[in-house]
Amino acid sequence: MPSRTLSLRHKLLILLTAVILGLLLLLFSTNYFSYQVKQLEQAKSTVQQIDITALQLRRNEKDFLIRKLPKYLDKHQGNFNQLNSQLDLLSELNQSIDIDLPINQLKKSFLEYRQQFIALTQTMTTKGLDKDAGLYGKLRHATHELEDIYKAINDTSLQVTLLSIRRHEKDYMLRHDSKYLDKLAQELATLRLNSQQIANTRQLIDNYQKALNAYVTIDKKLGLSQEEGIRGKMRAATHKAESLLKQTVAETNTYIEKQERQTFWLSITIFLIISTALSVFIFKLINIIISPIKTAVSNIEDIIAKRDFSKQVIKETDDEFGQVIDSMNNFIKFTHKINNAVEELRQVSNAVEQSAQSTQASLNQQMLKSEQVSTATIQLDASVNEIVKGTETTRETSNLIAEQANAGKQQLHQLNQFLTQSSNELVSSTDDIYALDKKCRSINSFIEEIRGIAEQTNLLALNAAIEAARAGEQGRGFSVVADEVRTLANRTQTSTEQITAIITELQAMTVNAVTRVNQCREGSLANLKQVDKSTLTLSSIINEVSSIQAMTANIATAVKEQSIAIHEIAENITEMKDDNSHMLSQAQQSLSTCALANEKTLTLLTYKLSTS
């Protein structure tokens with residue numbers, strides 16, 4: 001643990017070193033555990049790849065057994081080589097992560113499986129991979145030779161016997177049951193007996209017998225069932241390898257899960273240990289740093305509360321903060337010199353305060369007199385300004401009246417012209433209305449003619465209808481036309497009556513319009529007379545306003561000259577008053593400063609300063 005004699009810099013360096021070491025230890029443990037987990041994951045992946053490759057071997061095996069193509073032998077060989085490489089890699093990982101896996105047994109099992117598969121493929125090749133190869137091809141060839149002879153002699157019974165032999169042969173090949181061989185032997189003996197009189201058949205039957213025996217022998221070597229012969233040995237080797245592989249996968253997964261749990265909890269434990277150690281170390285170091293500070297703060301607060309600067313601050317450490325405490329104690333020792341200076345300052349401030357009080361009294365009396373003169377001058381200046389403003393207002397008002405009178409005169413002249421023009425236009429409108437009334441009367445004559453035509457048309461349509469009725473069926477179409485003409489005549493008569501009513505209303509409105517236009521013309525003539533009278537009145541008003549303007553201008557000039565002189569006097573007095581006010585303010589400020597200095601010196605003198 002750091003000593004109290006060490007400096008803060010060394011304490012912080014020790015703290016930094018401890019934190020860095022803890023982080024490095026944590027980083028190292030994390031990397032180590034990550035490497036272990038990576039190795040475990042690689043082992044798990046390798047075991048899974050071995051399982052997949054084993055399935056590929058079985059797939060190649062099934063493909064060869066079903067399709068009997070040589071390419072599956074090459075694939076089987078490639079997958080087996082890949083399996084050996086994966087087993088070698090797993091063996092290396094087994095040594096690095098110390099997993100007890102039966103890798104050697106796996107290699108032996110898969111090697112045995114491979115050997116049995118090779119023996120199986122060689123035996124099947126000898127047996128024949130297609131109908132023309134191997135022992136199966138020879139058997140077919142011997143059978144075909146017998147068939148050719150029996151067909152040549154055209155012996156039906158022998159051909160039937162041969163077909164029975166072929167059927168038992170196929171049954172055996174499909175079912176691998178020896179009872180079919182017994183049946184085949186009986187049929188073959190019958191065939192041999194019945195063929196004694198045929199030349200060359202005995203040798204061919206012997207050849208068939210030999211080929212069949214060889215085929216049966218190789219077939220039994222392969223195994224008539226999944227548990228016999230080479231097929232049974234390969235199946236046993238396959239099951240053994242698969243069992244070991246399944247066991248290996250289970251053991252690997254169990255071991256990896258166990259190691260991952262251990263790694264996780266070990267990482268958590270290391271992290272907690274490092275964190276706890278660093279926390280304890282940092283807490284102790286903080287306590288070492290904070291404890292002297294708390295003690296010093298407590299001493300300083302006690303000195304301030306009691307106002308006793310004769311005490312010293314307790315020093316607990318020799319670090320940088322201890323140097324601060326030494327400087328503070330030296331400052332406390334220096335306070336007795338400050339005490340003497342404060343006493344002298346209090347005496348000087350008392351003298352200055354008395355002088356400032358006498359100066360303030362003189363300035364107050366001078367300020368009062370200046371204020372009275374300034375007030376009178378300001379009142380006089382204000383009165384003159386009001387007179388000037390009144391004259392200016394009067395002059396502006398007279399100018400405005402003159403301008404408005406001239407404008408009114410011009411407006412009356414324009415109104416006169418407008419009324420004259422309106423009267424002339426009303427006369428023209430009266431003539432137009434009279435012309436309109438004449439046109440309406442002429443329209444009435446035309447309407448009377450149209451009404452007469454409509455009545456005649458109606459009579460003609462009635463006569464036509466009577467004639468059509470007399471004509472009977474031949475005049476029916478003419479009757480329809482007569483009805484339409486009569487309807488049209490009635491509509492024409494109705495329209496003329498409506499037009500007559502409208503023309504009558506229009507004539508009445510025309511008479512009213514003429515009457516109103518005459519009234520408007522008479523009113524316009526009366527307004528013209530009133531406008532002429534108003535124009536004469538405004539001319540006399542304009543002359544009087546011009547006289548008022550001249551007198552107002554003379555008064556305004558004289559008042560302005562007096563206002564300028566009074567304003568200069570008021571400004572000088574105001575400047576004197578402002579100077580006195582500024583001097584009084586400075587005197588008051590000096591007096592306040594002296595009083596404050598006396599108060600502060602008295603406050604300082606109440607503290608218990610060191611005299612050592």
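State yes or no: is residue 72 surrounded by fewer than 19 Cβ atoms within 10 Å (Cβ to Cβ) and either modelled with pLDDT of 85 or more or under 26 Å from residue 276 (Cα atoms) (or both)?
For residue 72, the condition - surrounded by fewer than 19 Cβ atoms within 10 Å (Cβ to Cβ) and either modelled with pLDDT of 85 or more or under 26 Å from residue 276 (Cα atoms) (or both) - is not met.
Which pairs do you get when a residue that is in contact (Cβ under 8 Å) with a residue 24 or more places away in the chain and more than 15 Å from residue 41 (Cβ to Cβ), found in segment 255-277, comes within reach of a residue that is in a helix (DSSP H, G or I) and among the hydroxyl-bearing types (Ser, Thr, Tyr), reach meaning Cβ atoms under 6 angstrom, with the pair 6+ apart or on two chains?
270/29
Would you please name the residue that is farthest from residue 107 (Cα to Cα), looking only at residues in segment 216-260 that are among the acidic types (Asp, Glu) and surrounded by 14 or more Cβ atoms within 10 Å (Cβ to Cβ)? Steps first, please.
Restricting attention to segment 216-260, the residues satisfying the condition of being among the acidic types (Asp, Glu) are 219, 227-228, 242, 251, 257, 260.
From what's left, surrounded by 14 or more Cβ atoms within 10 Å (Cβ to Cβ): 219, 228, 242, 251, 260.
On the way: 219: 29, 228: 24, 242: 12, 251: 17, 260: 28 Å.
If we take residues in segment 216-260 being among the acidic types (Asp, Glu) and surrounded by 14 or more Cβ atoms within 10 Å (Cβ to Cβ), then 219 is farthest from residue 107 (Cα to Cα).
Residues checked against (1) in contact with a helix residue (DSSP H, G or I) (Cβ under 7 Å, 6 or more places away or on another chain); (2) at pLDDT below 70; (3) at positive phi:
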residue: 399; (1), (2), (3): yes, no, no
residue: 404; (1), (2), (3): no, no, no
residue: 427; (1), (2), (3): yes, yes, no
residue: 446; (1), (2), (3): no, yes, no
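Which condition does residue 152 not pass, out of (1) within 18 Å of residue 66 (Cα to Cα); (2) at pLDDT below 85; (3) surrounded by fewer than 19 Cβ atoms within 10 Å (Cβ to Cβ), if it passes all the others?
Checking residue 152 against (1) within 18 Å of residue 66 (Cα to Cα); (2) at pLDDT below 85; (3) surrounded by fewer than 19 Cβ atoms within 10 Å (Cβ to Cβ), the one that fails is (1).
I'm checking my understanding of the structure. Among residues of segment 50-67 that are buried (at least 16 other Cβ atoms within 10 Å of the Cβ) and of a type in the set (A, V, I, L, M), which one is nearest to residue 116 (Cα to Cα)?
Among residues in segment 50-67 that are buried (at least 16 other Cβ atoms within 10 Å of the Cβ) and of a type in the set (A, V, I, L, M), the one nearest to residue 116 (Cα to Cα) is 57.
Return the residues of segment 264-288 that are buried (at least 16 other Cβ atoms within 10 Å of the Cβ) and modelled with pLDDT of 80 or more; say none if nothing qualifies.
267, 270, 274, 278, 281
Give segment 54-107 a look and list any residue that's within 54 Å of the chain's Cα centre (by Cα) and aliphatic (A, V, I, L, M), or say none.
54, 55, 83, 87, 89, 90, 93, 97, 99
How many of the residues in segment 113-139 are surrounded by fewer than 15 Cβ atoms within 10 Å (Cβ to Cβ) and in a helix (DSSP H, G or I)?
Total satisfying the criteria: 3.
Out of 162, 158, report the one residue that is part of a helix (DSSP H, G or I), touching a Ser or Thr at 6+ places or on another chain (Cβ under 7 Å), under 22 Å from residue 184 (Cα atoms) and not hydroxyl-bearing (Ser, Thr, Tyr).
So the residue among 162, 158 that is part of a helix (DSSP H, G or I), touching a Ser or Thr at 6+ places or on another chain (Cβ under 7 Å), under 22 Å from residue 184 (Cα atoms) and not hydroxyl-bearing (Ser, Thr, Tyr) is 158.
Could you say whether any residue in segment 501-511 is modelled with pLDDT under 75, farther than 22 Å from residue 458 by Cα and of a type outside the set (A, V, I, L, M, F, W, C)? Show your work before the answer.
Here is the first cut: in segment 501-511, the residues modelled with pLDDT under 75 are 503, 506-507, 510-511.
The next check asks that each one be farther than 22 Å from residue 458 by Cα; those that pass are 503, 506-507, 510-511.
So of that shortlist, the ones also of a type outside the set (A, V, I, L, M, F, W, C) come out as 507, 510.
Yes, segment 501-511 contains a residue that is modelled with pLDDT under 75, farther than 22 Å from residue 458 by Cα and of a type outside the set (A, V, I, L, M, F, W, C).
Quick check on my filter: what residues within segment 178-223 are assigned to a loop (DSSP other than H, G, I, E, B) and touching a Lys or Arg at 6+ places or on another chain (Cβ under 8 Å)?
195, 196, 223
Name the single residue, out of those in segment 206-240 being of a type in the set (A, V, I, L, M) and touching a residue at least 60 places away in the same chain (Cβ under 8 Å), that is nearest to residue 117 (Cα to Cα).
Among those that are of a type in the set (A, V, I, L, M) and touching a residue at least 60 places away in the same chain (Cβ under 8 Å), it is 234.
The values are calculated or read from the model by the stated rules, or taken from the named source; none is laboratory data. For clarity, every value in this text was computed on a predicted model and none was experimentally measured. As a convention, Cβ positions derive from the backbone with ideal geometry for all residues, glycine included, and neighbour counts pool all protein chains shown.
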